[in-house]
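Reviewing the structure listed below.
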Amino acid sequence: MKHSTEQRCVACLARAASLVAVAIAVIAATPAWSAQSGGYPARPVRIIVPYTPGGASDAVARVLGQKLGETLGQQFVIDNRPGAAGSLGREIVAKATPDGYTLLVGDSPHTINVHVLKHVPYDPIRDFTPITLLATAPQAFVVHPGFPARTVKEFIAAAQGQPGKLNYGSGGAGSITFLTGELFKLAAHVDIVHIPYKSIGLASADVMAGQVQAAFPTAPGVVTHVRAGRLRALAVTGLKRSGALPDVPTFEESGVPGMNVANWFGAFGPARLPKDIVAKLHRSIVDAMHSADVRAKLTNLSLDISTTSPQEFHAHLVSELERWGKVVKAAGIKPE
């Protein structure tokens, strides 16, 4: 039986309508951000810094954000969200839409908080997309310039001669300045008392005032005070001396092995960030970090540029998470 021309046209229209319906369904099921990836970024990008302005993480984010704005043609806006040892800002990123418009510049407490805080509203590995490591900085062991000890060995002798009498200040639970102090206690076999502050800046100020005997701040934060004679640096962490404090020995040189600690800074997105956006961000961020002007600014802040692939950064995070878990357990630290 032959079909009329009218019947054939109706059949064609029906098939066309069916194809349109399928196309609409596919578009509806596709995440909105995939359509944006080709022209990313098409609007301003927010970089969350989980601390107040003025710290090392904030400095790294601002230098990087300015450079990315120049190269990618959109604003990269720094959004400081302090609170809960940095957990508040990290939670914002963990729960953000994975479209590349909310990023995080995080640091070592990203893999520490989960071990020392009772409630951390995110998984430091599962809830984030690692993009690249950015930079690292050693911790400095500082005392008041009037403190009798002029070397690590002399400090250890003083601490062992009066257990529980000397103290050190930190930026509080979850900070690397706290766990560096606890690692030192384990490595040097000394009993010194931890005094938590709201920030390592406040702790360092009390060391300068003679109210606290010692602290373990990130080196960039105290270089100017050491050079001005307001603090005395006894040692730095890591396997090599800091370019910012070349006359200060490492803990290894001072007879205390096992203090290979560095505060690191890295770029993250939320989990499930599309691969093409990750690739574009990674390429742009690595190029920015190794540009002459960014390198000069961060080197001046005593930071060492240290970029990685996303896979290498992921492996670093897993390693750090395991490492600090062991330190917390060995030190007998209870989550607060």
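One table, with the values for the structure above:
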| item | result |
| --- | --- |
| Filter result for Leu202 (modelled with pLDDT under 95, in the same structural domain as Arg227 (by TED's automatic domain parsing) and hydrophobic (A, V, I, L, M, F, W, C)) | yes |
| Selected residue (criterion: surrounded by the fewest Cβ atoms within 10 Å (Cβ to Cβ)) from residues of segment 177-219 that are aliphatic (A, V, I, L, M), touching a strand residue (DSSP E or B) at 6+ places or on another chain (Cβ under 8 Å) and part of a helix (DSSP H, G or I) | Leu202 |
| Ser284 vs. criteria of a type in the set (Ser, Thr, Tyr) and in the same structural domain as Leu104 (by TED's automatic domain parsing) | yes |
| Only listed residue being buried (at least 19 other Cβ atoms within 10 Å of the Cβ) and part of a loop (DSSP other than H, G, I, E, B), chosen from Gly86, Gly100, Gly106 | Gly100 |
| Only listed residue being farther than 17 Å from Val105 by Cβ, at pLDDT 95 or above, out of contact with any Asp or Glu (no Cβ under 6 Å at 6 or more places or on another chain) and surrounded by fewer than 17 Cβ atoms within 10 Å (Cβ to Cβ), chosen from Lys326, Lys275, Lys280 | Lys275 |
| Selected residue (criterion: surrounded by the fewest Cβ atoms within 10 Å (Cβ to Cβ)) from residues of segment 37-74 that are of a type in the set (Gly, Ala, Ser) and under 19 Å from Ser108 (Cβ atoms) | Gly54 |
| Breaking point among (1) surrounded by fewer than 19 Cβ atoms within 10 Å (Cβ to Cβ); (2) more than 22 Å from the chain's Cα centre (by Cα), for His225 | (1) |
| Only listed residue being farther than 25 Å from Gly89 by Cβ and free of Cβ contacts under 8 Å to residues at least 24 places away in the same chain, chosen from Ala157, Ala205, Ala188 | Ala157 |
| Extreme residue, surrounded by the most Cβ atoms within 10 Å (Cβ to Cβ), among residues of segment 302-323 that are more than 12 Å from His282 (Cβ to Cβ) and of a type in the set (Gly, Ala, Ser) | Ser302 |
| Answer from Val226, Val193 - the residue that is within 16 Å of Ile333 (Cβ to Cβ) and in contact with a Leu (Cβ under 8 Å, 6 or more places away or on another chain) | Val193 |
| Residues of segment 155-176 that turn out to be assigned to a loop (DSSP other than H, G, I, E, B) and touching a Pro at 6+ places or on another chain (Cβ under 9 Å), as a count | 5 |
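The values are calculated or read from the model by the stated rules, or taken from the named source; none is laboratory data. Predicted, not measured: the structure shown is a model, and the values here were computed from it. Glycine gets a Cβ as well: all are built from the backbone with ideal geometry, and neighbour counts include every protein chain shown.
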